[in-house]
Each structure stands twice: as C-alpha cells, then as structure tokens.
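Derivation of every value follows stated rules applied to the coordinates shown; laboratory data play no part. Remember, predicted model here, so these are calculated numbers, not experimental data. When we count neighbours, we look across all protein chains shown, and the Cβ atoms used for this are built from the backbone with ideal geometry, even at glycine.
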Amino acid sequence: MNFQTLAQNTNRKVAIVAAARNEAAYLADWIFHHLYFGFSPVLVYVNRSTDSSAEVVRRIAAVVPEVQLLSGDGFEGKNNVQLAAYGDARRRLRCGLTRQDYVHFADIDEFWTPANFDVPVQGVLESAGWPKIASFNWFQLLSDGEPFAPPMAQRQYGQHHHLVKTTIRQGLPVIRQSVHTVRTAWPMKRWSASGAHISSRTPYRTPNAPQSFGPAFILHRLFRSPIEYLAMLGRGRPAFQEKLFKDNRYGYRQLEGKAEPMRAFHIKSDTLAQYEEARIEFLGRTGIAELTVQTQQNVRREALQVLNQYQALSVEEKQRWSLQFRNLDLAGISESGGEKSGDPFARKIP
C-alpha cells in the first residue's frame with residue numbers, strides 16, 4: 001500500500017516537526033517511517049550537531065521534496081531549543097498548510113505508529129472525526145537490545161506510559177507549548193487515542209498508563225541497545241551543559257515511576273515485510289545507506305568514550321552517576337570494543 005498516495009486522497013496534510021542534535025545514525029529511519037505513514041512535510045531542525053545530522057537530512061531532502069532541513073543554531077539563546085523550533089515551525093507552516101491540516105511535534109526517538117500498522121495518520125484522524133487536538137500515549141520499548149536494529153520488528157515488548165505527544169490543527173490559538181502538548185487561548189476538547197481521559201489541567205498526560213494501544217500510539221525508543229544508551233548519556237542535556245552526562249535517565253531499561261505490566265505489540269509478517277522493503281528502497285534511493293553505517297560507527301566510538309570517562313571517575317563521582325549507569329554490562333561492552341550489545345536483559349524479554 002502506498003500510504004503517501006492514500007494520504008493525499010484525504011486532502012489533509014499532517015506535518016511533523018522535530019529538533020535533532022547529533023542524531024545522524026537515526027534520522028533516515030525516523031524520516032522514512034513518518035513519510036511511510038502519511039506525514040508531510042517533514043521539518044527537521046538540526047542544532048549544535050558535531051556529527052553528520054545535517055548532511056543526512058540534506059541528502060534526503062535533495063531526493064524527497066517533502067523533507068526540509070532547517071537550522072536550529074539560531075535558537076541557542078532560547079531557554080529550550082526544541083520549543084523554539086516548534087514555535088518557528090508553526091509560523092512557517094502558516095503558508096503551506098490550511099486550517100484543516102495538522103502539525104505533529106516529535107523527538108527523533110519517537111515513532112507515531114498505527115496499532116494495526118496499515119493505516120496512515122490521516123486515516124486515524126478521520127476515524128476520530130478530525131479532532132482539533134489529538135493525543136497519543138507513549139509505549140516505552142524495552143525489547144530493542146540489538147545495536148542499530150531496524151525501528152520495527154514483528155514482536156516488540158514494552159510498557160504503556162501516561163505521557164502523551166500531541167497533534168494539533170494548524171492555526172489553533174496556541175498560547176503556550178511544551179514538549180508534550182500545547183495550551184490554547186480557550187479550552188478545547190482533546191481526543192485521546194488510547195481512550196484514557198485527558199484533563200485540561202494536565203493535558204500532557206493521562207491519569208495513568210493506558211491499558212490498550214488504541215488505534216495509534218507513540219513507539220518510544222528511549223533506550224535502544226546498551227551501546228546506544230551509553231552514547232546518549234554522553235550527549236548530555238542542552239539546557240545543562242555543565243553536567244558530564246545526561247541525568248534525566250534512571251538506568252538502562254529503568255523507567256521512572258510506577259512499574260507497568262509488560263505488553264506486546266505484534267505486526268503481521270507480510271505487513272512488516274512490505275514496510276522493510278520500502279525502508280531499504282528509501283535508503284538506497286536517497287543514497288545514505290553508507291553514510292548511515294558510518295554514523296553508527298561514530299556512535300560506537302562515543303559509547304566507548306563515555307565508558308572510559310565513567311571508569312576514570314573516583315568512587316564518589318561514580319556514586320553520583322550510579323542511577324544513570326545501572327543495569328549495564330560495562331565489562332561486556334568494554335571487552336567487545338562496542339561490537340556486542342552487552343545487553344544484560346537479552347534473555348529476559350519474553
């Protein structure tokens with residue numbers, strides 16, 4: 001099924017916006033995935049990157065006109081570069097979208113995913129009656145322990161989460177935006193894909209983790225493999241540049257808050273095969289397959305650098321970062337030189 005064609009038949013566009021910092025190894029899969037499910041245009045703001053993030057997006061944009069590379073470096077004086085990029089995108093899209101179109105705001109580790117894996121984003125929104133605001137709960141993926149695995153697998157496991165990401169009608173009177181949602185000048189009904197209630201007082205979350213996927217959800221690749229998790233820790237948080245490591249993580253595959261039951265997400269083999277065939281074709285057509293492999297090697301080197309930095313710390317300093325580094329087989333990663341996953345959970349996922 002050609003989702004781009006199906007999406008065009010609805011006469012409704014759904015743009016997607018993301019800010020990317022040193023995400024070169026992941027951008028191609030993220031862009032492909034959302035084009036595949038009908039998102040267009042795709043706006044990627046690259047900021048403060050020392051890797052090939054801008055080059056990856058540039059090469060794709062040269063072949064796929066729906067993709068736009070934008071610089072986020074001009075937002076460095078802002079408190080939050082990501083939110084500044086979101087605001088800039090909303091202004092830019094006033095010219096390219098109508099009030100019947102939508103904008104979705106995402107991170108590069110978030111994949112909007114239909115539960116049956118065969119409906120574009122427009123189909124989900126149409127079934128919901130074209131809501132002004134649509135909210136999709138996170139599904140925290142916990143089964144992607146293989147380094148640089150494809151974004152989708154036939155069987156994936158994880159936990160539902162109470163936080164949501166938001167898709168809005170273009171032109172809504174947004175008075176405030178956060179990473180997860182928007183607030184409007186007056187209260188508006190929010191459609192929740194999971195069916196869980198969303199209060200106007202806390203529009204960034206549902207009261208509890210949902211019990212079902214609903215028609216669509218956000219597949220959140222928060223951890224990926226241990227090697228990739230290590231490299232991510234070394235990128236820190238843009239708003240806290242003085243910190244050695246990223247401190248808003250609580251250990252490999254360790255989620256904050258109440259533990260939720262493990263859930264499974266299944267994709268039919270023929271449906272996944274069609275997706276994978278299109279993904280491989282996309283990588284070849286845009287000429288970035290080789291560049292993507294190179295960027296993956298850079299991530300391995302980053303992971304080993306983080307490992308060396310951590311091992312060089314004093315006992316007291318290691319204690320300071322014990323939460324972030326727990327559940328990692330550091331010895332296994334070190335011995336393999338980053339070539340093996342070092343995944344201590346590999347045999348524990350059902």
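Temperature 10 °C, viscosity 1.306 mPa s: under these conditions the Stokes-Einstein estimate for the chain, based on its Kirkwood radius over C-alpha pairs, is 76 µm² per second. Angle of helix 81-96 to the longest C-alpha principal axis of the chain, folded into 0 to 90 degrees and rounded to 10: 30°. Expressed in Å, the radius of gyration and Dmax of the Cα atoms of the range 28-68 are 10.1, 30.
If the cut-off is a Cα-Cα distance under 13 Å, which aspartates and glutamates reach Lys132, setting aside same-chain residues fewer than 8 apart in sequence? By straight Cα distance, Lys132 reaches Asp101. For the chain, the longest principal axis of the C-alpha atoms and the axis of helix 269-285 are separated by about 80°. Subtracting the Cα-Cα distance of Asp247 and Asn11 from their residue separation scaled by 0.36 nm leaves 80.6 nm.
Taking the three principal axes of the alpha carbon atoms in the range 172-269, the coordinate ranges are 42, 41, 28 Å, sorted in descending order.
Reducing the range 19-90 and the range 132-179 to their Cα centroids gives an inter-centroid distance of 17 Å.
If you fit an axis through the alpha-carbon atoms of helix 289-311 and take the longest principal axis of the Cα set of the chain, what angle between them do you get, 0 to 90°, nearest 10? Taking Cα atoms only, the helix is inclined about 50 degrees. Pick out, from Asn22, Phe217, Ile333, the residue whose Cα sits farthest towards the positive end of the charge dipole of the chain, with +1 on the Cβ of Lys and Arg and -1 on the Cβ of Asp and Glu. Of Asn22, Phe217, Ile333, it is Phe217. Expressed to the nearest 5 percent, the antiparallel share of DSSP beta bridges inside the chain is 55 percent.
Calculated [222 nm] ellipticity per residue, helices only, for the chain: -10000 deg cm²/dmol; basis is -39500 (n - 2.57) per DSSP H run with n ≥ 4, divided by all residues, nearest 500.
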